[in-house]
Amino acid sequence: MPDKITKAILQKFEINELNEMQKTALNLILHKKEVLLLAPTGSGKTLAFLLPIMQLLQNDLPNPQCLILVPSRELALQIESVWKKMSTGFKANACYGGHLVETELNNLSTPPALLIGTPGRIMDHITRGSIETRTIQTIVLDEFDKSLELGFADEMSFILGKLGKLNRRILVSATAATEIPTFTGVHQPEIIDFITEKSENNTLEIKRVLSPTKDKVETLFKLLCHIGGESTLIFCNHREAAERTHTMLTEMGIENAFFHGGLEQIEREQTLSRFRNGSAYFLVATDLAARGLDIPEVRHIVHFHLPHSKEEFIHRNGRTARQGASGIAYLLLHEEEPLPAWLTEASEELKLNKETTLPPAPFWTTLYISGGKKDKLNKTDIVGFFSKVGELEKGELGMIEVKDHISYAAVKRNKVKQLLHNIQDGKMKGKKYKIAVARSKK
């Protein structure tokens, strides 16, 4: 790839140069038929395999040339977003459950060069005949260990069995110990290992927080009061526990959001947007939030429930202390709760004050806008409308995210009521959109 093209792409991501892992991956994926890329969460794996894929695509082929299988719809959307930001000139489509298949069938009527999707939905399209598989030459199994863990082995095996023209197979993971299934056709891969020894994290502190009761919610409340207004991920092992913890914290006066795989797609996107833009400091989540999501680095990780394995413990903690930044992981334990055998890291006990002060309310509030890219809306339109009609001043409008059919904008908390009053009869680009505060499901 010419240096000027690489530099132009990196500028879009505000990156000066590729890191060592990305440089190695770029070279090996271009020149080897089988590659296993191992690198920690947040290290830039997506760009590492998309850059060489861009070079492998051919302009004169009208059907899909590369398929990327992922375990979750969020990861599919994240990869699609990165690809679009690269401005390669090649079409990409993401296919996943949780929305109408008819929408995807319409998108696939003009076949993409790059196809991204979850195993179940891609298998469905292959069965329907809505995807031409004979032209697919490159397969990427991103977070393939997570796909296996979620029970997608049969679907992936079916899909790989339909790809008769593959000449390049790329496996990507943040876990080094996973055995490669035979159905992948990967037998002697070139291994790019940036996990073993190279990813040791000396900037992560691990602290124990002991609860006198087995319920632990009261201790969690005190811990969050101790943390204050800083970005925090709180991990639970089950969806029901995440929702219950969210509800109890809310009743105790702590604003928070919750996230798990049982939410509708629009609810998941809205929750992540609120967490990204600072409208919610605390996100209670299942392990779905441990990897493969487009969320910023957080300062604090709370293990409200200990994970079932060391690998998930590592993935959870990988959301903080990246690229030399510092972070803290808290083990919230009942006083008689034993530590698992795999937890060998030394950790000091954090003693919490009996007196507590509620964390401050978030500076921002997220507004939902019922229009997006497909309605020809962009960030500039929203900024102009909120500034001119809504009378917002500089510094009162935060992060804006424009999706296909909806958008989200962070607005200074104490300006929301007046803004909504000012714009209630206004039109953006000649059209009236529904604009309201984005709220949690519960």
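Things to note:
- In a simple Cβ point-charge model (Lys, Arg +1; Asp, Glu -1; nothing else charged), segment 257-304 has a dipole of about 160 debye relative to its Cα centre.
- Bins of 5 Å, starting at 0 and running to the largest distance - Cα pair percent for segment 204-349: 2, 10, 21, 25, 23, 13, 6, 1, 0
- Taking 362, 212, 52 as the candidate residues, the one with maximal mean-square fluctuation in a Gaussian network model of the chain, Cα springs under 10 Å, is 212.
- Dipole magnitude (debye, nearest 20) for the chain, charges at Cβ of Lys, Arg, Asp, Glu: 1760 debye
- Amide H within-cut-off set for residue 334, under 5 Å, with H built and near neighbours excluded: 211
- Top positive-direction residue, dipole computed over the chain with Cβ charges, set 161, 18, 238: 18
- Centre-to-centre separation between the Cα atoms of segment 198-265 and those of segment 37-79: 32 Å.
- Coarse-grained scattering of the chain at q = 0.06, 0.07, 0.10 Å⁻¹, given as base-10 log I(q)/I(0) from a Debye sum over alpha-carbon atoms: -0.27, -0.38, -0.78
- Using a cutoff of 8 angstrom between alpha carbon atoms and counting only pairs six or more residues apart, the relative contact order for the chain works out to 15 percent.
- For segment 91-187, averaging the sequence separation of C-alpha pairs within contact (under 8 Å, six or more residues apart) and dividing by the residue count gives a relative contact order of 26 percent.
- Helical mean residue ellipticity (222 nm; -39500 (n - 2.57) per DSSP H run of 4+; nearest 500) of the chain: -9500 deg cm²/dmol
- In the structure shown, the pairs 91/165; 146/373; 373/412; 222/403 are assessed against 28 Å; a Cα-Cα span above that value is assigned to 146/373; 222/403.
Taken together, the values in this text are just the output of simple stated rules run on the coordinates, not laboratory data. Remember, predicted model here, so these are calculated numbers, not experimental data. Glycine also receives a Cβ, built like all others from the backbone with ideal geometry; neighbour counts cover every protein chain displayed.
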